[in-house]
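The values are calculated or read from the model by the stated rules, or taken from the named source; none is laboratory data. Just so you know, these numbers come straight off a predicted model, no measurement behind them. Cβ placement follows ideal geometry from the backbone for every residue including glycine, while neighbour counts extend to all protein chains displayed.
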Amino acid sequence: MSEAITLWRRLAGSPDVVLLDGFHALKHAVRFGAEIRVAVTADRGAALALADELAPDVHGSLEALLTEVPYETYASVVARPHPTAVAALAVRPSRAGRVAALARTPRTAPIVVLDQPRNLGNTGAVIRLAAGFGATGVVTTGTLDPWHPTVVRGGAGLHFATTVERLTVDELPAGPVFALDPEGRDIRGTVLPDDALLAFGSERSGLSPELRARADQLVALPMRPQVSSYNLATSVAMALYHWSATGGAAGRAPA
């Protein structure tokens with residue numbers, strides 16, 4: 001057994017590491033400074049060719065990190081083999097560090113709050129959106145672990161490009177809470193400040209009573225009558241786009 005697989009089996013299951021499933025997750029994690037403990041692939045040449053084509057900025061790092069193993073060995077250490085046959089284990093940032101990063105002021109971009117989300121894939125998609133818009137971070141309430149491997153897979157490793165943590169409503173950072181709710185004021189008439197907390201309820205249950213009580217303002221996305229709801233990630237994208245298009249940091253021209 002290779003040293004890489006021996007190390008993988010020793011680290012796997014530890015709460016201090018997170019699975020990076022696939023080339024793109026590893027690419028983003030490396031790009032945004034993750035500490036990679038071990039990385040394996042069933043086809044090193046193909047993985048490095050992908051880096052040449054899609055991410056030449058991290059080619060050298062991946063060349064140093066990736067260990068080739070037989071496909072059967074690779075498949076034995078992941079729950080569901082990825083088409084790129086690449087996987088890695090990275091150090092999960094400390095909770096204390098993440099909480100401090102969320103609390104730091106002044107903030108120049110909102111925090112997205114997912115109130116008791118249920119869908120792992122949707123949560124990953126939201127983290128990917130938040131990273132793309134330069135949001136300060138993504139907070140979840142409830143039981144879902146936002147660092148679950150399926151969430152990280154859905155987020156394409158972009159957990160390392162923003163700050164991701166699970167908090168209670170009482171632990172939310174300071175700042176005005178704009179909660180998305182069908183009964184709220186049309187968001188198109190609202191300017192979302194850079195230090196806002198943008199809160200989204202689950203698609204099935206909406207906002208929890210605790211989060212609703214914490215809200216400073218309820219805002220609603222435009223929606224055709226008789227349409228029940230948008231997908232969670234779609235709602236987050238619309239709200240972040242509105243923030244950026246109405247003066248948010250992501251929409252400002254560089255100085």
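When you look at S229, is it outside any strand (DSSP E or B), of a type outside the set (F, W, Y), over 19 Å from T168 (Cα atoms) and in contact with a Phe, Trp or Tyr (Cβ under 8 Å, 6 or more places away or on another chain), yes or no? No: the conditions fail for S229. The set of residues from segment 230-245 being among the small types (G, A, S), in contact with a helix residue (DSSP H, G or I) (Cβ under 8 Å, 6 or more places away or on another chain) and more than 13 Å from R128 (Cα to Cα) comprises A239, S244, A245. One residue alone among L167, L144 is among the hydrophobic types (A, V, I, L, M, F, W, C), in the same structural domain as L211 (by TED's automatic domain parsing), surrounded by fewer than 24 Cβ atoms within 10 Å (Cβ to Cβ) and in contact with a strand residue (DSSP E or B) (Cβ under 7 Å, 6 or more places away or on another chain), and that residue is L167. Selection of segment 69-117 for residues being assigned to a strand (DSSP E or B) and either of a type in the set (F, W, Y) or over 20 Å from I36 (Cβ atoms) (or both) yields I111, V112, V113, L114, D115.
Touching a residue at least 24 places away in the same chain (Cβ under 8 Å), assigned to a helix (DSSP H, G or I) and buried (at least 16 other Cβ atoms within 10 Å of the Cβ), is that true of A39?
no
Tallying residues that are surrounded by fewer than 20 Cβ atoms within 10 Å (Cβ to Cβ) and of a type outside the set (G, A, S) within segment 99-115 yields 5.
Got at least one residue in segment 15-33 being buried (at least 22 other Cβ atoms within 10 Å of the Cβ) and more than 19 Å from G154 (Cα to Cα)? For segment 15-33, residues buried (at least 22 other Cβ atoms within 10 Å of the Cβ) and more than 19 Å from G154 (Cα to Cα): absent.
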